[in-house]
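Data block below; observations after.
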Amino acid sequence: MSGSLSWRLDAIEQAVAPVLPGFIAEVLPEIDSTNTELIRRARAGRDAPTLLVAERQTAGRGRMGRHWQGGPGEPGGALAFSLGLPLAPADWSGLSLAVGLSVAESLHPDIRLKWPNDLWWQGRKLAGILVETAGTAQADGRFVVIGVGINVEPLEGGDFSTRPAWLKALDPALDAPTALGRLVQPLVRAVRGFERHGFAPLAERFNARDAFAGLAVRLSDGTEGQALGVAANGALRVQTDTGLREIISSEVSVRPLPSA
Ligand code: BTN
């Protein structure tokens, strides 16, 4: 089965195979969720390194159990894909940050990163990342599923002030297949680099794109302070009245405080 858009998967496979032997790329016209599907496959023993793209998701999932639907519902309105591969880093901290950084760097210099793993443009969410693992840890690592959802076309209707950002507003040439072709090979390289060296070598580049650098923020656990970027392990650094806090949990979300 393949989709209705021109995804140029052959070129993606050829670019990625030298970095990730056995890599396959597939497009489905419709699936519940590309993350869910790759986890199902891995649990059934189908654990080849795979890129799975969906033109439409009927049950797309976001972080913290949220539903995710990027852009309007038609094919190409959003870019929704998951990359599944076995991975064995010494330390998993910061993987989703490394993913966000790679995607942002592949797409546009103006894209900012909102800790832990959203891409923002002009103060609005452009894309989200959901990293999950399938099954239990093996001696040689885990099968990790990295889901990326990017709004490509504007969502019609709703309140304009809260409307998410969309990729074609940054660059009208960035339709879903073009964006995918641009970002997959660097993403695979970034994930492989993370496996070998961890997040620390990427912290400076992440901080250069940090959407909240230096801003007053409030965390969902009630903490308020000044955001000071990320540490070498990917933790968010927040200067509070009672000292410097480093937030590791990805269950905590962060918002800028309205300026006085
Ligand atoms: C978030 O913003 O909370 C994360 C959104 C992640 C959405 C992507 S779309 C492809 C993959 N499949 C899913 O069900 N979710 C991720």
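The values are calculated or read from the model by the stated rules, or taken from the named source; none is laboratory data. It should be emphasised that the depicted structure is a prediction, and the values quoted were computed from it without experimental measurement. Don't worry about glycine lacking a Cβ; one is built from the backbone with ideal geometry, like all the others, and counts go over all protein chains shown. The area values use the complete protein model at the heavy-atom level, side chains included, leaving out ligands, DNA and RNA. Shrake-Rupley method; radii C 1.70, N 1.55, O 1.52, S 1.80 Å.
For this structure, a couple of remarks:
- Within segment 58-80, if we keep just the residues that are in contact (Cβ under 8 Å) with a residue 60 or more places away in the chain, touching a strand residue (DSSP E or B) at 6+ places or on another chain (Cβ under 8 Å) and not in a loop (DSSP other than H, G, I, E, B), the residue that is most open to solvent (accessible area, probe 1.4 Å) turns out to be 61.
- Total residues in segment 116-134, condition small (Gly, Ala, Ser) and more than 13 Å from the ligand (Cβ to nearest atom): 2
A quick yes/no check of all residues on (1) among the hydroxyl-bearing types (Ser, Thr, Tyr); (2) open to solvent by less than 10 Å² (accessible area, probe 1.4 Å); (3) touching a helix residue (DSSP H, G or I) at 6+ places or on another chain (Cβ under 9 Å):
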{"site": "130", "(1), (2), (3)": "no, no, yes"}
{"site": "156", "(1), (2), (3)": "no, no, no"}
{"site": "176", "(1), (2), (3)": "no, yes, yes"}
{"site": "197", "(1), (2), (3)": "no, no, no"}
{"site": "200", "(1), (2), (3)": "no, no, no"}
{"site": "210", "(1), (2), (3)": "no, no, no"}
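- Considering segment 81-99, the residues that are in contact with a Gly (Cβ under 7 Å, 6 or more places away or on another chain) and part of a strand (DSSP E or B) include one that is nearest to residue 56 (Cα to Cα), namely 82.
- Matching residues, segment 117-135, being in a strand (DSSP E or B) and either of a type outside the set (A, V, I, L, M) or outside the structural domain of residue 101 (by TED's automatic domain parsing) (or both): 118, 120, 121, 124, 125, 128, 132, 133, 135
- Under the condition of being part of a strand (DSSP E or B) and either of a type in the set (A, V, I, L, M) or not assigned by TED's automatic domain parsing to the domain that holds residue 135 (or both), the residues counted in segment 31-55 number 5.
- Qualifying residue in segment 41-48 (condition: within 11 Å of the ligand (Cβ to nearest atom) and touching a residue at least 60 places away in the same chain (Cβ under 8 Å)): no
- Leading residue by the ranking (nearest to the ligand (Cβ to nearest atom)) among those in segment 98-115 that are open to solvent by 10 Å² or more (accessible area, probe 1.4 Å) and in contact with a Lys or Arg (Cβ under 6 Å, 6 or more places away or on another chain): 112
- Residues that are near the ligand (Cβ under 7 Å from one of its atoms) and either within 28 Å of residue 11 (Cβ to Cβ) or among the hydroxyl-bearing types (Ser, Thr, Tyr) (or both) within segment 55-92 comprise 57, 60, 68, 70, 80, 81, 82, listed in sequence order.
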